[in-house]
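Data block below; observations after.
The values are calculated or read from the model by the stated rules, or taken from the named source; none is laboratory data. It should be emphasised that the depicted structure is a prediction, and the values quoted were computed from it without experimental measurement. Please note: Cβ atoms are built from the backbone with ideal geometry, for glycine as well, and neighbour counts cover all protein chains shown. Keep in mind that these areas ignore ligands, DNA and RNA; they rest on the heavy atoms of the full protein, side chains included. Shrake-Rupley method; radii C 1.70, N 1.55, O 1.52, S 1.80 Å.
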Amino acid sequence: MRFVFLLFFVCSSLSAADLRVEVELRWRGAPVAVPSAELAGAKGRTMRLTRFAAIMSGVRLARAEGGAVRLDGQYGFFDAESGRLAVALRNVPEGDYVGLEFQLGLPASVNHGDPAQWAAGHPLNPIVNGLHWGWAGGYVFAAIEGRWRAAGMQEERGFSYHLATDGRVMRVGFVARVKVAGATTVSLALDLGKAVGGQVLAADDGSETTHSGADDALATTLTKAMERAWFFLEAGPTVSVGVESERRVKDNAPHFGAGTPFAFVVPAGFPQPELPADNPLTEEGVELGRRLFGDRRLSARNTQSCASCHSEGSAFSGGRALSIGADGKPGTRNSMPLFNLAWSPSYAWDGSKPRLRDQAFAAITNEIEMHADPAKIVAVLGGDRRVRADFAAAFGTPEITAQRIGLALEQFMLTLVAADSKFDRSRRGAAQLTEEEQQGFALFATEYDPVRGKRGADCFHCHGGTLFTDFGFRSNGLDLASVDAGRAVVTGKPTDAGKFKTPSLRNVAVTAPYMHDGRIGTLEEVVAHYDHGLRRAANLDPNLAKHPDAGLQLTSDEQKALLAFLRTLTDSNLAASP
């Protein structure tokens with residue numbers, strides 16, 4: 001598998017070219033894909049890789065005649081599972097170079113800077129990389145996760161290595177000839193077998209996890225191994241340049257409205273979202289979407305609206321395990337709450353919809369849900385003079401189309417922002433958490449690692465940061481074999497079976513029942529599930545699989561404290577927004 005990164009260097013006095021840098025992942029010399037098949041580890045252990053991600057900075061090219069070209073201030077991001085394969089250095093001065101250097105990690109000033117400063121799509125935007133530690137400050141420089149098994153073990157366990165902190169920046173360098181004359185490609189290899197394959201894993205001795213604490217010797221060992229695991233392969237003219245994979249599917253033509261621009265305010269501390277460029281928010285478009293959201297004419301026989309399954313009083317969630325559709329049939333998945341959708345890279349429990357408008361219209365036409373005929377919707381709405389006027393105000397003409405309905409609903413739902421909970425107010429000094437709530441927050445944000453004296457609930461791995469979700473797809477131990485294929489429906493990968501999108505924990509106290517199928521009725525039962533109720537599925541997330549079979553064994557007081565903290569995440573103002 002190959003990875004490439006994108007950096008920029010501007011030089012006005014020299015001719016410049018694109019320098020493509022490809023990184024091939026290996027395991028003990030052989031190419032490896034992530035997620036991987038079973039691999040040979042140390043002392044009879046077998047390992048499976050499920051994640052490799054890293055942040056790169058500080059690229060430096062040493063000139064043959066002396067001196068160097070430095071690319072300080074430029075950053076790249078690797079992610080094996082999403083396949084970031086086609087990023088390149090731009091405007092690199094042409095010439096003969098005899099060395100290439102870079103680092104995995106960030107300068108301290110950047111590492112501890114406000115992550116909200118980075119534009120949508122930037123490698124350091126937390127939505128892009130999923131490596132920011134949230135309230136703790138700073139980024140994870142490299143994350144390697146997976147499953148392992150020793151001879152005689154009945155079940156696999158997990159390992160999770162997160163390398164970080166200013167003192168553990170990993171520096172990589174090569175003495176090698178690189179001639180930049182026109183578009184050039186440098187090929188490197190990273191042997192993860194050398195980086196982590198020699199680690200002797202054992203249960204409950206601390207070898208399965210590291211979070212780079214100051215006294216964490218394992219983190220230091222792994223950073224040194226990572227530095228030595230890189231290899232220079234070759235450099236030469238670029239034969240063909242791949243196209244960087246799009247994170248979103250976009251229309252070719254914009255659908256510009258005719259209304260007043262809507263002032264979308266990014267809350268303090270939130271990452272910069274990537275709003276749809278082909279559907280700019282307007283006051284009139286948002287208002288039209290608001291009205292359509294509650295219009296029963298968007299369903300078969302005018303029986304229900306979007307709001308029927310997404311109630312404002314429960315953070316726009318359904319309030320029941322499985323919603324009942326227009327024909328009286330129950331759905332197959334729980335109705336997800338609708339807020340902070342502007343930051344989501346995909347929609348639905350399985351991430352099958354790349355745009356919010358797609359998800360909205362999928363619910364309208366789904367035969368189990370609203371079961372509407374788009375042509376009939378258009379005809380019925382077209383007979384309403386006020387609706388035609390609303391469409392004219394939003395889009396410039398009174399024409400009503402299925403596409404415009406989706407665009408208007410998208411505009412409205414993008415404006416549903418939850419950012420004013422008691423927790424948020426405490427962060428800006430306008431409120432104070434109780435002692436019990438503070439204890440719950442500490443448990444939430446602390447890893448479970450008794451070997452190193454850490455007793456936490458380990459929630460932050462999936463729910464860390466301002467948005468309280470990493471938008472990832474994970475198996476969270478509900479079933480040994482999931483009836484619902486989940487993410488595998490989209491990717492076709494058996495390793496994705498039973499994986500579902502990590503929901504935000506904002507408003508979690510008012511969005512019961514829980515999980516993709518609504519099987520868990522109360523928040524207390526959710527905490528109990530993660531404390532001691534996990535089923536060790538074959539693809540259980542490594543951050544859960546590394547916990548002991550007996551679970552975290554939180555005391556009743558600790559569970560109450562965690563619940564108290566989770567209740568501070570409710571934004572009561574969200575219910576009043578429509």
Is there any pair linking a residue in the stretch 177-194 that is open to solvent by 10 Å² or more (accessible area, probe 1.4 Å) to one that is hydroxyl-bearing (Ser, Thr, Tyr), with Cβ under 7 Å and at least six apart or on different chains, and which? Ala183/Thr238; Thr185/Thr238
Cβ-Cβ under 8 Å pairs, at least 6 apart or on other chains, the stretch 553-569 side without any contact (Cβ under 8 Å) to a residue 24 or more places away in the chain, far side open to solvent by 20 Å² or more (accessible area, probe 1.4 Å) and in a helix (DSSP H, G or I): Gln553/His532
Go through (1) acidic (Asp, Glu); (2) modelled with pLDDT of 95 or more; (3) within 24 Å of Ile364 (Cβ to Cβ) one by one and return the number of the condition Glu312 breaks. (2)
Can you name the residue in the stretch 140-155 that is in contact with a helix residue (DSSP H, G or I) (Cβ under 7 Å, 6 or more places away or on another chain) and over 15 Å from Ala229 (Cβ atoms) and, of all such residues, is modelled with the lowest pLDDT? Ala151
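Can you find a residue that is at positive phi, touching a residue at least 40 places away in the same chain (Cβ under 8 Å) and open to solvent by less than 20 Å² (accessible area, probe 1.4 Å) anywhere in the stretch 313-325? Working first, answer last.
To start, the set of residues in the stretch 313-325 that are at positive phi comprises 315-316, 319.
Still in the running and touching a residue at least 40 places away in the same chain (Cβ under 8 Å): 315-316, 319.
Still in the list and also open to solvent by less than 20 Å² (accessible area, probe 1.4 Å): 315-316.
Yes, the stretch 313-325 has at least one match.
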Which of the numbered conditions does Ala457 fail, given that it passes all the others? Conditions: (1) crowded, with 20+ Cβ neighbours inside 10 Å; (2) modelled with pLDDT under 95; (3) of a type outside the set (S, T, N, Q); (4) farther than 30 Å from Cys309 by Cα. (2)
Single residue of the stretch 400-452 satisfying the filter (in a loop (DSSP other than H, G, I, E, B) and of a type in the set (Asp, Glu)) that is modelled with the lowest pLDDT: Glu447
Can you spot a residue in the stretch 528-536 that is of a type in the set (Gly, Ala, Ser), within 26 Å of Val128 (Cα to Cα) and open to solvent by 20 Å² or more (accessible area, probe 1.4 Å)? no
Residues of the stretch 331-353 satisfying the condition of being in contact with a strand residue (DSSP E or B) (Cβ under 8 Å, 6 or more places away or on another chain), touching a residue at least 24 places away in the same chain (Cβ under 8 Å) and either open to solvent by 50 Å² or more (accessible area, probe 1.4 Å) or in a loop (DSSP other than H, G, I, E, B) (or both): Gly331, Asn334, Ser335, Met336, Pro337, Leu338, Ser346, Ala348, Trp349, Asp350, Gly351
Check whether at least one residue in the stretch 181-190 is outside any helix (DSSP H, G or I), over 15 Å from Ala229 (Cα atoms) and within 26 Å of the chain's Cα centre (by Cα), and report yes or no. no
